Amino acid sequence: MAKFIRIDMTSKEVRVDDCPEKYAGLAGRALTSNFVAEEVKPTCHPLGKNNKLIFAPGFLTGTGAANSGRISCGAKSPLTGGIKESNSGGTFSQKMARMGIKALVFEGLPSGDQYFVVKVAMDGVTIDDAPLEIVGMGNYDAIKALQDKYGAKVGVAVIGPAGEMRLTAANISFADPDGNIRSAGRGGLGAVMGSKKIKAVVIDDTDAPGVAISHPEAFKSAAKRFAKALTTHPVTGKGLGRYGTNVLVNILNEAGGLPTQNFRRGRNEWANDIGGETMTATMETRGGKPTHGCHPGCIMRCSQHYVDKGGKYITSGFEYETI
């Protein structure tokens, strides 16, 4: 049965249980949101001891199914006060699934100002003092330092200075296969992680058994059909891969549904300046990559490598909502 791991940051105790029956039929965002509804007091302070932070992979994560490598994060949001689900690419989710982990739950609050690195491996969970040099460090540098310490192939979830300061829009960032970051960027969950004094969670799937498939040939056939459906669809196979989720800017502007002036209007005359077509043309002129996968097995590849005028990498993953 899948492991349900609870890490109490007050007592530093770790419990590894079988998945509770009430969560057995859930995964990903269905699991994280139901968990928060069930186990987090609605009246609790989002940055207090009674809030809980949960990470969960999807049902197909860790298999050969296309686009199955997203991680779901959940907690009471310090930004909205409601149940928040935020998800991200990277390598973290697939490592969890291959290790047979249904969920990682972080509870309680530690005393003092010490930050910690939670390491999850096949032989157990350890809570290490965070190296002083990574406290206050930005995400890219922190990921590099952690992979230098724990191994180049470990998965990393990390907060930057905004999360440490518990700013209510802070995100949780996850390392992708290229050492760049993908972020669970909604709802301020980085602040929740910071309140629990967790600078980073490191996951090492060395010697993990992998995900067992009950009917391998039938699964392979279904996965192949699903991948074909994605690659041949005009949106998932062409539009998103070419222009990212930012392809929606011009489409929704034409439909009158583009949020303009706090949605007082649904259309504006400058949408194309920030749309996917312009973004892609800019990247191609500068030598960037208009198409890039956010996790292993992503075939839609709606991310990018956006570069400056000198061709230096700046960021990935300009999304429609953010734009």
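Please find, among Lys76, Lys144, Lys102, Lys49, the residue that is more than 22 Å from Ala170 (Cβ to Cβ), of a type in the set (Lys, Arg) and more than 15 Å from the chain's Cα centre (by Cα). Please lay out each step first, then the result.
Values: Lys76 fails: more than 22 Å from Ala170 (Cβ to Cβ); Lys144 fails: more than 22 Å from Ala170 (Cβ to Cβ); Lys49 fails: more than 22 Å from Ala170 (Cβ to Cβ).
Just a single option satisfies the conditions, and that option is Lys102.
All but one of (1) at pLDDT below 95; (2) surrounded by fewer than 19 Cβ atoms within 10 Å (Cβ to Cβ); (3) under 16 Å from Gly160 (Cβ atoms) hold for Gly90; state the number of the condition that does not hold.
Status for Gly90: all satisfied but (2).
Might you let me know whether region 94-109 holds any residue that is assigned to a loop (DSSP other than H, G, I, E, B), touching a residue at least 40 places away in the same chain (Cβ under 8 Å) and in contact with a helix residue (DSSP H, G or I) (Cβ under 8 Å, 6 or more places away or on another chain)? Outline the logic, then answer.
At the first step, the residues of region 94-109 found to be assigned to a loop (DSSP other than H, G, I, E, B) are 99-100, 108-109.
Checking the rest, the ones that are also touching a residue at least 40 places away in the same chain (Cβ under 8 Å) come to 99-100, 108-109.
If we keep only those that are in contact with a helix residue (DSSP H, G or I) (Cβ under 8 Å, 6 or more places away or on another chain) too, we end up with 109.
So far as region 94-109 goes, yes, one or more of its residues are assigned to a loop (DSSP other than H, G, I, E, B), touching a residue at least 40 places away in the same chain (Cβ under 8 Å) and in contact with a helix residue (DSSP H, G or I) (Cβ under 8 Å, 6 or more places away or on another chain).
Residues of region 53-71 being farther than 14 Å from Asn87 by Cβ and in contact with a helix residue (DSSP H, G or I) (Cβ under 6 Å, 6 or more places away or on another chain), which ones?
Scanning region 53-71 gives Gly62, Gly64, Ala65, Ala66.
Somewhere in region 149-157, is a residue farther than 21 Å from Gln94 by Cα, crowded, with 21+ Cβ neighbours inside 10 Å and not β-branched (Val, Ile, Thr)?
Within region 149-157, none of the residues are farther than 21 Å from Gln94 by Cα, crowded, with 21+ Cβ neighbours inside 10 Å and not β-branched (Val, Ile, Thr).
Take Leu79 and tell me if it is touching a helix residue (DSSP H, G or I) at 6+ places or on another chain (Cβ under 7 Å), in the same structural domain as Ala162 (by TED's automatic domain parsing) and hydrophobic (A, V, I, L, M, F, W, C). Full working, then the answer.
Working: touching a helix residue (DSSP H, G or I) at 6+ places or on another chain (Cβ under 7 Å): no; in the same structural domain as Ala162 (by TED's automatic domain parsing): yes; hydrophobic (A, V, I, L, M, F, W, C): yes.
No.
Confirm whether Asn171 is polar (S, T, N, Q) and crowded, with 24+ Cβ neighbours inside 10 Å.
Details: polar (S, T, N, Q): yes; crowded, with 24+ Cβ neighbours inside 10 Å: yes.
Yes; evaluated as a whole, the condition is true for this residue.
Mind checking whether some residue in region 126-144 is polar (S, T, N, Q) and in a helix (DSSP H, G or I)?
Step one: list which residues in region 126-144 are polar (S, T, N, Q), which gives 126, 139.
The next check asks that each one be in a helix (DSSP H, G or I); those that pass are 139.
Checked region 126-144: at least one residue is polar (S, T, N, Q) and in a helix (DSSP H, G or I).
The values are calculated or read from the model by the stated rules, or taken from the named source; none is laboratory data. If you're wondering where the values come from, they're calculated on a predicted model, not measured in any experiment. Using ideal geometry, Cβ is built from the backbone for each residue, glycine included, and neighbour counts are taken over all protein chains shown.
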